[in-house]
Structure formats: structure tokens, C-alpha cells
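K.L.:
Sharing a structure here in C-alpha cells format.
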Amino acid sequence: MKTKYITSLYFIIFSISNLFSQRDFVLSSNGIGNSQENSVQNAIIGSLNQVFGMFYSSNTTIINDSLKLDDFASVSKGNIKELKIISNEEISDNKWFANISLTISLDKIEKYYESQGKKLTYEGSLFSYNIQIQELNELNETKSICNMIEIANEILLGSFDYTFSYSEPISIDEISEKWLINFKVKAAVNNNIRIFRNLFVTTLEGLSMTLSEIENYSLLGKKTFLITTVEDGVSKNFYLRSYFSYNMILNFINSWEGYVRSFDIHTSTKRISGNSVKRETSNRTYKEVNTVKYDNVVEVEKLQISEYNSIYNSEKSTSLIIRLPKVSDHAGYFDWYDFFTVTELEKIHGFTIESNKLLKFKNGGFVVFEDHGHGFVLSPFEISHEGFKNNGHSKVGIYSDWVVPSYEEFIMIKKYIYLNHYCNLSENAEYLTSSEGELSTISVDFHMYNASGEFQEMIYPNQTAYIEKVRLIRKF
């Protein structure tokens with residue numbers, strides 16, 4: 001019996017040692033660049049930086065984003081066993097997006113740098129290697145989803161065509177100083193949606209786990225996250241590793257109405273933004289804004305999350321069905337009244353409507369404010385106040401330098417991002433803010449509009465008992 005036990009143990013150690021000695025793995029990634037070559041280069045550099053960060057000493061500097069193409073060929077040769085370009089397309093002028101698959105060999109990397117007179121310090125062990133591979137894949141997956149959303153954001157802002165009509169002005173006071181005009185806008189999906197659909201599906205195809213990976217995650221007690229796309233009646237299943245990846249996609253898809261609303265009506269006196277259209281526009285005429293969030297875009301099965309994910313709200317999704325829109329699909333209908341003074345009416349010679357490009361996504365979140373390359377972004381999803389307080393967790397996606405916004409910064413979020421259409425911030429919920437470095441000192445209750453149609457915020461100093469949510473920001 002003892003002999004069998006020793007033999008079995010020897011076999012397990014031998015198997016692990018054999019696997020470790022190979023140290024080859026496949027990594028899927030993507031990159032954005034100003035040319036085909038540059039987008040592939042950026043995808044490779046991003047992946048290799050993560051590989052070195054995961055397996056080698058943190059003070060080992062091998063490559064950087066300013067690597068020249070001549071040097072890049074040498075570095076790639078020394079680090080990559082095999083490169084497959086899954087897709088490489090021009091998304092817009094001078095902007096390319098590449099999905100790639102890399103076969104990495106740690107043995108090859110170490111031998112290459114030894115030949116260059118450099119010594120790499122491997123930070124791992126026989127038994128931690130598989131765990132490191134899993135962590136690397138999760139990190140790389142989340143980074144790739146961030147890149148995809150950055151490009152998809154630009155595409156969706158130009159993926160709708162608008163038709164509109166307006167009524168003759170209607171006087172609403174006895175001296176005819178204030179007038180209302182009824183606007184009606186219809187939004188339909190245009191041909192750009194084909195680019196979005198291809199980008200979205202191709203990225204998920206490159207990142208999706210294999211059956212063996214899914215089984216391994218299950219054996220380890222780790223969750224996988226199912227994204228199902230339905231395209232022209234055909235469904236495809238994609239399994240993701242990271243809750244960050246899943247939640248970013250969920251919140252991105254839930255911002256659909258914000259993209260539909262990305263239109264402006266221009267006159268010679270004012271600009272009317274579809275993002276700011278309110279449900280009640282006067283005390284005389286009540287008009288509902290009839291919006292369509294695209295029928296059945298999202299269907300979610302909610303399950304209790306594991307203790308591992310306790311930082312998040314107590315109930316979270318693990319599967320998501322996304323019905324991808326088609327060209328000419330109806331996207332939204334808006335019917336509202338807007339105020340004009342007599343002076344304004346006298347200067348108006350007509351109205352025009354066009355798409356706007358107000359929303360940007362980069363550096364891991366939605367851009368709130370940017371000036372000369374510096375500003376801050378809003379995290380792509382929120383975490384629970386209780387989870388944040390208990391864990392002190394500030395990691396969202398691939399970044400760990402997120403902070404609680406100050407009250408003034410939260411007001412800027414309202415000023416530059418429309419809370420109820422983008423980013424899934426609630427109208428009647430309290431969000432944690434910070435004051436002079438102290439957390440949990442001010443909560444802001446965002447009631448979007450008061451009776452007169454103006455935005456208002458309510459401040460409750462030092463009242464944190466009822467705070468439910470935390471939305472972090474990241475400065476750049």
C-alpha cells in the first residue's frame with residue numbers, strides 16, 4: 001500500500017515537473033494602433049509586459065511602449081514562439097484594431113536574454129505556475145475587453161441615423177414671452193453597426209475559454225462567465241475568466257440608450273442635446289420621452305456570487321444574452337417640448353440634427369474631464385459600499401489606483417456625463433464621496449431634476465448609514 005502511495009505521488013510530481021519544464025502557454029490579446037503593424041506591435045508589447053510582470057522580477061525592464069520597429073523585430077523573435085493574427089481591421093482613419101494569439105515560451109525568453117547578457121529572475125515555483133498562468137489570462141482578458149470597449153465606444157457614437165420634425169411655437173404665458181416647440185426624433189441603426197458587431201464577436205472569440213480551461217476552472221472552484229451573442233438568429237457562447245471583464249461588458253451594453261441619445265439639435269441660438277432631454281419639460285404640458293433600449297438587448301440570470309467576489313453587491317450576474325442589432329433596426333423615439341423666448345425665436349431660421357461625440361472611454365473608464373492630456377475617468381461599474389468598507393478594495397479591471405471622488409468631482413461627473421443614460425449611475429441613490437482625504441464623510445443623493453426641470457443634488461455631511469454604492473475614479 002505504501003509502495004502504491006509513493007508511486008502515485010511520484011507520478012503526480014513527475015507530471016507537474018514535466019508540465020513545468022515545458023512552460024509554454026497561449027495568450028490572446030488585442031491592440032490599438034495607427035497602422036496594421038502598429039496595432040499588432042502594441043498588442044504584443046502589452047502582452048509581453050504582463051508576462052514579465054507576472055513571472056519575473058519587478059525591477060526587470062525588457063520592453064516599453066516607445067520600442068522602435070527595428071528593435072521590435074528582435075525582441076519579438078526572442079520572446080514569442082508563435083504569433084497568430086486573428087483579425088486586423090481599420091476602424092476609422094488612422095486607427096487599427098488587432099486581435100492576436102501568442103504562444104509564449106518562458107524557456108525561450110530566458111535563453112534569449114541570457115544570450116544578450118541579461119539575467120531574468122523567475123518569480124514562481126513548481127506549484128504556482130498554473131495559478132500564475134490563470135492570473136495572467138484573467139488580467140490579459142480584462143485589458144483586452146478595455147481595449148475593445150474603447151474602440152466600440154467610438155463606433156457606437158456614429159451608429160445611428162436620425163430623422164426629426166418640430167411643431168409651430170406654442171405660447172404658454174399671457175404676454176407671449178415664453179414659447180414651446182414640440183420636437184420628435186426617430187433613431188435607426190445604420191451600417192456602422194456591422195463594424196461594431198464584427199469587433200465585438202471577434203474579440204470574444206479570441207478570448208473565450210476552451211472546454212479544458214472551463215473544466216479546470218470548475219475543478220478549482222472558480223467561476224466562469226457566459227456571454228451569449230445572438231446575431232441574425234444565430235447564437236454563440238463565449239466563456240470569460242474574469243468578473244471584471246464580464247461586468248465591464250454588462251455595463252457597456254446597458255449604456256445602449258446613451259449611445260442612441262447621442263444627437264444634437266442645433267439652432268442659431270442654442271444646442272439641444274438628446275442626452276439632456278427630460279421626462280417633464282413644463283408645468284403645463286407633460287410629455288413622456290418614449291425611449292427604446294433595444295428590445296431584449298440584455299437578459300440576465302442572477303445568481304448569488306461566491307465569497308471571493310464579496311466586494312461586489314450581494315447579487316450578481318454570471319450569464320448574459322446580447323441580441324446584436326441589425327442595420328435599419330428601430331433604436332429610439334423621442335417626443336418632447338423645449339422652451340424658447342421671443343428673442344430666441346426671432347433669431348431661429350431652422351433646425352439641424354447630427355450625431356455628437358461627447359462620450360469617450362480610455363484609461364480603464366469613461367472620461368469625465370480632460371485638459372491637455374490630464375483628467376480623470378469614471379470606473380466602468382460600481383461596487384457596494386459595504387464591500388468597499390470591509391475590503392478597502394480599489395482595484396477595478398486592470399488598474400489598482402482608483403480612488404473615491406470628492407464632492408466637487410462628483411458634481412463634475414454630473415456636468416460632463418449624463419448619469420441616467422451613460423455609465424449606469426442611479427438617480428435616487430446615495431454615493432460615497434471623500435473630503436480632505438477622509439472617506440465616508442459625505443454622501444450625495446442624486447435626484448436628477450427638481451420641479452422646475454433643473455438638476456439638483458442633496459448633501460448630507462457625515463451621514464453614511466444609508467450609502468449603498470461606491471463609484472470610483474482614476475486620475476491620469
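K.L.:
Return yes when Val234 is touching a residue at least 24 places away in the same chain (Cβ under 8 Å) and in the same structural domain as Glu168 (by TED's automatic domain parsing) and no when it is not.
P.N.:
On the way: touching a residue at least 24 places away in the same chain (Cβ under 8 Å): no; in the same structural domain as Glu168 (by TED's automatic domain parsing): yes.
The answer is no for Val234.
K.L.:
Among the residues of the range 315-347, write down those that are surrounded by 14 or more Cβ atoms within 10 Å (Cβ to Cβ) and small (Gly, Ala, Ser).
P.N.:
Ser317, Ser319, Ala331, Gly332
K.L.:
Residue by residue through the range 116-146, note down the ones that are aliphatic (A, V, I, L, M) and free of Cβ contacts under 8 Å to residues at least 40 places away in the same chain. Please lay out each step first, then the result.
P.N.:
So the first thing to find is which residues in the range 116-146 are aliphatic (A, V, I, L, M), and the list is 120, 126, 131, 133, 136, 139, 145.
Selection gives Ile131 alone.
K.L.:
Would you be able to tell me the number of residues in the range 190-201 that are out of contact with any helix residue (DSSP H, G or I) (no Cβ under 9 Å at 6 or more places or on another chain) and either assigned to a helix (DSSP H, G or I) or buried (at least 20 other Cβ atoms within 10 Å of the Cβ) (or both)? Talk me through it step by step, then tell me what you get.
P.N.:
Within the range 190-201, the first condition is being out of contact with any helix residue (DSSP H, G or I) (no Cβ under 9 Å at 6 or more places or on another chain), and the residues that meet it are 190-191, 194, 197-198, 201.
Pick out the ones that are also either assigned to a helix (DSSP H, G or I) or buried (at least 20 other Cβ atoms within 10 Å of the Cβ) (or both) and you get 194, 197-198, 201.
Total meeting the criteria: 4.
K.L.:
Hey, another quick one. Which ones in the range 167-177 are at pLDDT 90 or above and surrounded by fewer than 16 Cβ atoms within 10 Å (Cβ to Cβ)?
P.N.:
Initially, the range 167-177 is screened for residues at pLDDT 90 or above, giving 167-169.
Within the range 167-177, Ser167, Glu168 meet the criteria.
K.L.:
Looking at Trp336 and the list (1) under 29 Å from Asn237 (Cβ atoms); (2) outside any loop (DSSP other than H, G, I, E, B), which single condition is not satisfied?
P.N.:
Trp336 satisfies every listed condition except (1).
K.L.:
Looking at this structure, is Ile133 touching a strand residue (DSSP E or B) at 6+ places or on another chain (Cβ under 7 Å) and not assigned by TED's automatic domain parsing to the domain that holds Tyr243? Full working, then the answer.
P.N.:
Working: touching a strand residue (DSSP E or B) at 6+ places or on another chain (Cβ under 7 Å): yes; not assigned by TED's automatic domain parsing to the domain that holds Tyr243: yes.
Yes.
K.L.:
Mind listing just one residue for me: the one in the range 224-247 that is in a loop (DSSP other than H, G, I, E, B) and modelled with pLDDT of 90 or more and, of those, surrounded by the most Cβ atoms within 10 Å (Cβ to Cβ)?
P.N.:
Of the range 224-247, the ones in a loop (DSSP other than H, G, I, E, B) are 224, 232-233, 241-242.
After this cut, where a residue has to be modelled with pLDDT of 90 or more as well, the list is 224, 241-242.
On the way: Thr224: 18, Arg241: 25, Ser242: 23.
Out of the qualifying residues, it is Arg241.
K.L.:
I need the strands (runs of 3 or more DSSP E) fully contained in the range 1-117, keeping only those with at least 2 residues that are modelled with pLDDT under 80 and not acidic (Asp, Glu). Before the answer, list the steps.
P.N.:
Values: elements: 24-33, 80-92, 95-105.
Ranges flagged: none.
K.L.:
Step by step: first the residues of the range 402-448, then only those that are surrounded by 16 or more Cβ atoms within 10 Å (Cβ to Cβ), assigned to a strand (DSSP E or B) and polar (S, T, N, Q), then the one that is modelled with the lowest pLDDT. Which residue is that?
P.N.:
Residue satisfying both the conditions and the ranking: Thr441.
K.L.:
Failed condition for Leu359, given (1) surrounded by 13 or more Cβ atoms within 10 Å (Cβ to Cβ); (2) at pLDDT below 50; (3) assigned to a loop (DSSP other than H, G, I, E, B), with all others met?
P.N.:
(2)
K.L.:
Considering every residue within the range 143-156, establish whether at least one is over 30 Å from Ser328 (Cα atoms) and either at pLDDT 90 or above or not in a strand (DSSP E or B) (or both).
P.N.:
Yes, the range 143-156 contains a residue that is over 30 Å from Ser328 (Cα atoms) and either at pLDDT 90 or above or not in a strand (DSSP E or B) (or both).
K.L.:
Out of the residues in the range 362-386 that are touching a Ser or Thr at 6+ places or on another chain (Cβ under 9 Å) and either at pLDDT 85 or above or of a type in the set (Gly, Ala, Ser) (or both), which is surrounded by the most Cβ atoms within 10 Å (Cβ to Cβ)?
P.N.:
So, considering only residues that are touching a Ser or Thr at 6+ places or on another chain (Cβ under 9 Å) and either at pLDDT 85 or above or of a type in the set (Gly, Ala, Ser) (or both), the one surrounded by the most Cβ atoms within 10 Å (Cβ to Cβ) is Gly365.
K.L.:
Additional query: For the range 147-167, does any single residue satisfy the condition of being touching a residue at least 60 places away in the same chain (Cβ under 8 Å), out of contact with any helix residue (DSSP H, G or I) (no Cβ under 9 Å at 6 or more places or on another chain), of a type in the set (S, T, N, Q) and closer than 21 Å to Ile45 by Cβ?
P.N.:
No, the range 147-167 contains no residue that is touching a residue at least 60 places away in the same chain (Cβ under 8 Å), out of contact with any helix residue (DSSP H, G or I) (no Cβ under 9 Å at 6 or more places or on another chain), of a type in the set (S, T, N, Q) and closer than 21 Å to Ile45 by Cβ.
The values are calculated or read from the model by the stated rules, or taken from the named source; none is laboratory data. All figures in this text were calculated on a predicted structure; none of them were measured in a lab. Please note: Cβ atoms are built from the backbone with ideal geometry, for glycine as well, and neighbour counts cover all protein chains shown.
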